[in-house]
1. Go through region 98-119 and give me each residue that's closer than 16 Å to residue 43 by Cβ and either buried (at least 18 other Cβ atoms within 10 Å of the Cβ) or in contact (Cβ under 8 Å) with a residue 24 or more places away in the chain (or both).
2. For region 19-43, which positions are out of contact with any helix residue (DSSP H, G or I) (no Cβ under 8 Å at 6 or more places or on another chain) and surrounded by fewer than 16 Cβ atoms within 10 Å (Cβ to Cβ)?
3. If a residue has to be closer than 14 Å to residue 44 by Cβ and either out of contact with any strand residue (DSSP E or B) (no Cβ under 6 Å at 6 or more places or on another chain) or part of a helix (DSSP H, G or I) (or both) to count, how many in region 85-97 make the cut?
4. Which of (1) more than 26 Å from residue 59 (Cβ to Cβ); (2) buried (at least 17 other Cβ atoms within 10 Å of the Cβ); (3) in contact with a helix residue (DSSP H, G or I) (Cβ under 8 Å, 6 or more places away or on another chain) does residue 148 not meet, given it meets every other one?
5. Tell me yes or no: at least one residue of region 157-167 is closer than 27 Å to residue 115 by Cβ, in a helix (DSSP H, G or I) and under 16 Å from the mean Cα position of the chain (by Cα).
6. Take region 1-16 and flag every residue that is in contact (Cβ under 8 Å) with a residue 12 or more places away in the chain and farther than 24 Å from residue 212 by Cα.
7. In this structure, is residue 115 on the phi < 0 side of the Ramachandran plot, outside any loop (DSSP other than H, G, I, E, B) and touching a helix residue (DSSP H, G or I) at 6+ places or on another chain (Cβ under 6 Å)?
8. Residues that are under 13 Å from the mean Cα position of the chain (by Cα), at pLDDT below 95 and farther than 27 Å from residue 17 by Cβ: does region 216-223 have at least one?
């Protein structure tokens, strides 16, 4: 059975003290989880503080991005080994905001995935189409291109990778993809993974939904092939984030 996974992506939010306060509150709320793994991805400035706060819990630490080089003259970047040293187990790669706003390409994302795997990090590979691409009936083509571009000729198992489907048109807009949209794309993603690796592996990789996820719209997504969520704004408050985690735990 594919495990349930809920990831908090805080983006460019929270000071160190705010991150520590969140962790204190959330640890209390989330005691006793049995089925769901929770990952918190704070900004780089709060990684050390969050790592220390989570030390006595089962909650995992992740980062929001990584560079593909191990070290060097890359001002403002952070290496896979530095993330591991900070206590990270996961790293988000290819988020739509980095693709759309910062111009990340499939080639860059592939290098990041390879570097992360080489350092023992678990990439959370984000894929998804824009509104225009969906309206032009190119959604499946774009997602397949993103998966193939990121993973072709890279060795991985079901324990090494997480895929997050985030339709760009549903991020930060308050507009959610439907359960059917997500479930149909999930099936397509697993077919793409099967073509790259094996059927068994493709069926076991955690597949998350990310796109304006909130407690009042997420329950239906757990009826089908979705194994969890990549949560943005609703992960900034411990109570609202825990409501989503509880939905996954009881599904």
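1. Correct list: 98 only.
2. 21, 28, 31, 32
3. Residues meeting the conditions: 2.
4. Condition not satisfied by residue 148: (2).
5. no
6. Selection gives 16 alone.
7. Yes; evaluated as a whole, the condition is true for this residue.
8. No - not one qualifying residue is present in region 216-223.
The values are calculated or read from the model by the stated rules, or taken from the named source; none is laboratory data. What you are looking at is a predicted structure, and each value in this text was computed from that prediction instead of being measured. For neighbour counting, all protein chains shown are included, and Cβ atoms are generated from backbone atoms with ideal geometry for every residue, glycine included.
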